[in-house]
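The structure under discussion appears below in the form of structure tokens.
The values are calculated or read from the model by the stated rules, or taken from the named source; none is laboratory data. Just so it is clear, the structure is predicted and the values come from calculations on it, not from any experiment. Because the Cβ atoms are built from the backbone with ideal geometry, glycine has one as well, and the counts that use them run over all protein chains shown. Side chains included, ligands, DNA and RNA excluded: accessible areas come from the protein's heavy atoms. Shrake-Rupley method; radii C 1.70, N 1.55, O 1.52, S 1.80 Å.
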Amino acid sequence: MTLLAEHPAVLHGHPEHHEGPTGVLKWLTSTDHKVIGLSYMITSLVIFFIAGGMAILLRVQLASPHSSLLSLQQYNELFTMHGSLMLYLFAGPFAFGGLANYIIPLQVGAPDMAFPRLNALSYWLYLTGSITMLMGFFTAGGAAAFAWVAYAPLSSAIHSPGAGADLWIVSLLLTGFSAVFTGVNLVTTIFYLRAPGMTMFRLPIFTWNMLVTAILILIAFPVLTAAMVFLFADRHFGTHIFSVKGGGVPVLYQHLFWFFGHPEVYILALPYFGMVTDIIPVFSRKPLFGYKGMVFATMSIAALSTGVWAHHMFTTGVVLLPFFSLMSLLIAVPTGIKFFNWIGTMWRGQIRFDTPMLFCVGFLLAFLMGGLTGVMLASPPIDFLTHDTYFVVAHFHQVLFGTAVFAGFAGFYFWFPKMFGRKLNEPLGKIHFWLMFIGFWVTYLPMYVLGLKGMPRRVATYPSGLGWHLLNQVASLGSYLIAISFLFFLWNIWTSWRHPVAAGANPWDAHTLEWFTSSPPPHHNYLKLPPVRSERPTWDYFHPDARTISHNGRRNGHVKVGAEVGSTGGSDQ
Amino acid sequence: MTDKPTGKPADQAPHKGSSLLRRYLGPLGILALPLMLGGCTLPSFYGFRGATKQGHDSFLLFSGTVIAAIVVGTIVVLLILWAVLRYRRRSDEMPKQFQYHIPLEITYTVIPILIVLALFGFTVVTENAVDAVSPHPAVAVKVTAFQWGWRFDYSGQHVSVLGETTQDPDPVGLNGRPCAPAVDCLGPGLVMPAGETTRITLVSADVVHGFYVPAFNFSRYALPGVTNVFDFTVKHPGIYRAQCTQFCGLYHALMFFHVVALPPAQFRAWLRSEQASSQPAASHPAASVASSRQGSPAASVKAAA
Ligand code: HEM
Ligand SMILES: [Cu+2]
Ligand SMILES: [Cu+2]
């Protein structure tokens, strides 16, 4: 079902003859994956800034013991909304609704997503869901205040009355459907709309990871949606699914939630792994080291991730510790493979440190520490002494900030020229990176220590005299630095808007198909396609003398006569 | 090093037995298997060394794992930094376009598997030790968590201690300070004998709470519909502050309590005096203990918060 003409022909019939609406109407009615992708990205970045602003408020409150900037209720609402916005409405949608939506059809050489109208529906459900959640602040009882996990029975009608909680639940229903639709769209697009010659093992890793992510979405999100329906029924229709009184089982909620929640962690992480995996080879001027190992590592992470959910429930006392511990520990293996692949790619390369590459290195370091502390948490006795403390807050921020922010902004800086045909300013990008990098470590390292000293998470205030004050103060200072770094990001966007510098089709000398077409791409993406003979079609086209060497190269001795990888299917397809 | 409980330990016995062991086996042990040696030589990494027998086991696992993580992390960081610094772009020369090295790939798959399996082995041993419950505990206490406080019932003794949010009922008079919310309240006191095994039966009266004693390196959910049972064998008398860790609503941040470990004789004396004072109100022991002991009523605490 490939839709495009054979190589190397100019594609017939789809020049710029689409006289569609422009301006506001274009954004409201478009089914073009590029327009929808940008809508997603802009919306999720706005959410990111709102949630980031909340984080700063939280940090100001915690900078000193028994502070009274925020009331208990306000703090509880804010940390709940900060976490919920960041996870449900920023990190996920930015990746699979935003970047993936924009980039995947380009990377596989398709004119659009498989189901463009469904794609538009996804976006509008997402936008509606986001507004729904934020509306909680304007209700009489305030926004939801039961943490991003909404454990029953705290989230019941008795313990969390008020419309804010209902809006939160409905928001997850809406965005849950949005995610599932996007998942269906991505899977179909990647399986059926690939360009001639684009075999599965020539897909860019970002596309591979989005395929696996989409499958995880299809496994995990329906379970969350079901849990939310049950919760809503308990609150309003008198069912007792999660309440002891009516014979229900509260801990069932935790099982359902984390059966979604742990795969969700990888739904949030895999797209970002994909981004750095596409970016590092470009700036190292080398193919990805261990491409196939990387693909299998991603698949095994996904497979394992469906069997580890109860590591979030070690301290409930009702789960089989050794099983969930072993499964969780094993995830470290494919994750380690990824690390060595990234390092192997840089090894003996010619690395240029433009802003996207800097952010990738920032990601590597952040995710390394987050991953190692994650391995520790997979051991139940260690989890017993760190669970629900700031140790965990530090761990998951290193992972989530490492992926969604470091890798996410690597992707943003990398693909911005493709999306807008303009360059971003390099010095401003580098200032953004360095300030954020320093701020990141200053913020999160003290939190590990706080956790080990016994400071619980989700506390609006804490006693003095326990040695927690200074560490909290340092963490808050770091977070202000992160906030400042984003002023440089905004300044950068402003500069490129007011003083555009043309980027050209392929400013980074990149590898994958999307860099072959113009920036921004024409309406149906490609006027012509290069032959696809490896996972680096654009590179092969511009560097016919520097094809990939299949093994470690000893056999061929020198670059020019290297054999292609996986060159099945005839000479020129 | 951070082992100090908040209050003053009534007695801090030095670890005599282990110093001999350390002198002769120390260097060898450090090289071979740090975990075998006992925690005194392992760095604490800002954590608690574990004031209970069970918590000390957890500490050994924690500390050993941190060491392993530091080793692995350092190696990977050095590899990253080397790649980043050594292979900066210096010319337009085309680097060799290699992609696979199967022996290397197998190596970096197998080594992590071995590391992870080793950690899993230590994990299983430790978690069995930590979760083991003794058939004959010296004392059994039923702990009920509720929004927002704790109730400790001494099974078969008609004694209970009840405290809300930030009260400091000060059951043994070891610290007689007044208490202001979120500053220095210790919350209700869970009294237990040092050196003997105390059985805790943990339940919740409403939502999920987290029973967490940092110095014991241990936490467990108080989960509605579930009864959790575990043992503490506190090594030394002392006061150990503690707090709810699972978010449980408005006053979660103020849901303190503390453990008071007394020398066994003193503990039994306390138990007898509590029994005596609560006899008249046998039907509502909790209420009488609470009202006779607590300083500030819950209402004023809530108003202040
Ligand atoms: C701008 C930098 C950030 C700062 C300073 C920050 C700070 C905080 C703080 C202070 C809390 C509350 C901790 C507590 O009371 O237990 C928190 C919770 C949380 N944050 Fe962040 N955060 C930042 C970025 C992020 C990002 C990028 C993500 C995810 C993509 C994220 C996800 C979460 C989650 C899931 C929670 C837990 C909420 C809960 O416990 O229900 N944060 N953060
Ligand atoms: Cu998980
Ligand atoms: Cu609590």
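Is it the case that A:Ile438 is part of a helix (DSSP H, G or I) and closer than 16 Å to A:Leu365 by Cβ? Before the answer, list the steps.
On the way: part of a helix (DSSP H, G or I): yes; closer than 16 Å to A:Leu365 by Cβ: yes.
So A:Ile438 passes the test.
Go through A:Trp515, A:Trp494, A:Trp468 for me and flag whichever is touching a Pro at 6+ places or on another chain (Cβ under 9 Å) and under 26 Å from A:Ile279 (Cα atoms). Before the answer, list the steps.
Working: A:Trp494 fails: touching a Pro at 6+ places or on another chain (Cβ under 9 Å); A:Trp468 fails: under 26 Å from A:Ile279 (Cα atoms).
Result of the check over A:Trp515, A:Trp494, A:Trp468: A:Trp515.
Quick check: anything in the stretch A:280-287 within 13 Å of another protein chain (Cβ to nearest Cβ) and open to solvent by 20 Å² or more (accessible area, probe 1.4 Å)?
In the first step, residues of the stretch A:280-287 are kept if they are within 13 Å of another protein chain (Cβ to nearest Cβ); the result is A:280-287.
Next, only the ones that are open to solvent by 20 Å² or more (accessible area, probe 1.4 Å) stay: A:285.
Within the stretch A:280-287, one or more residues are within 13 Å of another protein chain (Cβ to nearest Cβ) and open to solvent by 20 Å² or more (accessible area, probe 1.4 Å).
Answer yes or no as to whether B:Val141 is more than 8 Å from chain A (Cβ to nearest Cβ), in contact with a strand residue (DSSP E or B) (Cβ under 8 Å, 6 or more places away or on another chain), buried (at least 19 other Cβ atoms within 10 Å of the Cβ) and closer than 30 Å to B:Arg199 by Cα.
Working: more than 8 Å from chain A (Cβ to nearest Cβ): yes; in contact with a strand residue (DSSP E or B) (Cβ under 8 Å, 6 or more places away or on another chain): yes; buried (at least 19 other Cβ atoms within 10 Å of the Cβ): yes; closer than 30 Å to B:Arg199 by Cα: yes.
So B:Val141 passes the test.
Pick from A:Gly247, A:Gly261, A:Gly238: which is touching a His at 6+ places or on another chain (Cβ under 7 Å) and free of Cβ contacts under 8 Å to residues at least 24 places away in the same chain?
Working: A:Gly261 fails: free of Cβ contacts under 8 Å to residues at least 24 places away in the same chain; A:Gly238 fails: touching a His at 6+ places or on another chain (Cβ under 7 Å).
One residue alone meets the criteria, A:Gly247.
Condition check ((1) within 28 Å of A:Pro446 (Cβ to Cβ); (2) open to solvent by 10 Å² or more (accessible area, probe 1.4 Å); (3) touching a Phe, Trp or Tyr at 6+ places or on another chain (Cβ under 9 Å); (4) not β-branched (Val, Ile, Thr)) across all residues:
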position	(1), (2), (3), (4)
A:Phe314	yes, no, yes, yes
A:Ile351	no, no, yes, no
A:Cys360	yes, no, yes, yes
A:Ala366	yes, no, yes, yes
A:Thr389	yes, no, yes, no
A:Val399	yes, yes, yes, no
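Residues in the stretch A:306-327 that are touching a His at 6+ places or on another chain (Cβ under 6 Å) and either away from ligand 3 (no atom under 16 Å from the Cβ) or of a type in the set (Lys, Arg) (or both): how many? Give the derivation first.
Within the stretch A:306-327, the first condition is being touching a His at 6+ places or on another chain (Cβ under 6 Å), and the residues that meet it are A:308-309, A:315, A:324.
Applying the additional criterion that residues be either away from ligand 3 (no atom under 16 Å from the Cβ) or of a type in the set (Lys, Arg) (or both) yields A:308-309, A:324.
Within the stretch A:306-327, residues that are touching a His at 6+ places or on another chain (Cβ under 6 Å) and either away from ligand 3 (no atom under 16 Å from the Cβ) or of a type in the set (Lys, Arg) (or both) number 3.
Can you spot a residue in the stretch A:109-125 that is farther than 21 Å from A:Gly183 by Cβ and open to solvent by 20 Å² or more (accessible area, probe 1.4 Å)?
no
Considering each of A:Pro356, A:Pro334 in turn, give the residue that is at pLDDT 95 or above and either within 16 Å of ligand 1 (Cβ to nearest atom) or under 30 Å from A:Asp545 (Cβ atoms) (or both). Walk me through it before giving the result.
Numbers: A:Pro334 fails: either within 16 Å of ligand 1 (Cβ to nearest atom) or under 30 Å from A:Asp545 (Cβ atoms) (or both).
That would be A:Pro356, the only listed residue that is at pLDDT 95 or above and either within 16 Å of ligand 1 (Cβ to nearest atom) or under 30 Å from A:Asp545 (Cβ atoms) (or both).
Of the residues in the stretch B:223-240, how many are touching a Gly at 6+ places or on another chain (Cβ under 7 Å) and within 26 Å of A:Val249 (Cα to Cα)?
Total satisfying the criteria: 2.
Does at least one position in the stretch B:46-66 carry a residue that is among the small types (Gly, Ala, Ser), facing chain A (nearest Cβ under 7 Å) and not in a helix (DSSP H, G or I)? Write out each step before concluding.
Taking the stretch B:46-66 first, the residues among the small types (Gly, Ala, Ser) are B:47, B:50-51, B:55, B:58, B:63-64.
Cutting the leftovers down to facing chain A (nearest Cβ under 7 Å) gives us B:47, B:58.
Pick out the ones that are also not in a helix (DSSP H, G or I) and you get B:47.
Scanning the stretch B:46-66, I find at least one residue that is among the small types (Gly, Ala, Ser), facing chain A (nearest Cβ under 7 Å) and not in a helix (DSSP H, G or I), so the answer is yes.
Just a yes or no: is a residue in the stretch A:448-468 touching a residue at least 24 places away in the same chain (Cβ under 8 Å), of a type in the set (D, E, K, R), within 13 Å of ligand 1 (Cβ to nearest atom) and assigned to a loop (DSSP other than H, G, I, E, B)?
Yes, that holds for at least one residue.
Here's the yes/no breakdown for (1) closer than 18 Å to B:Thr123 by Cβ; (2) of a type outside the set (A, V, I, L, M, F, W, C); (3) in contact (Cβ under 8 Å) with a residue 12 or more places away in the chain; (4) at the interface with chain B (Cβ under 10 Å from one of its Cβ atoms):
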site: A:Met357; (1), (2), (3), (4): no, no, yes, yes
site: A:Phe363; (1), (2), (3), (4): no, no, yes, no
site: A:Pro380; (1), (2), (3), (4): yes, yes, yes, yes
site: A:Val399; (1), (2), (3), (4): no, no, yes, no
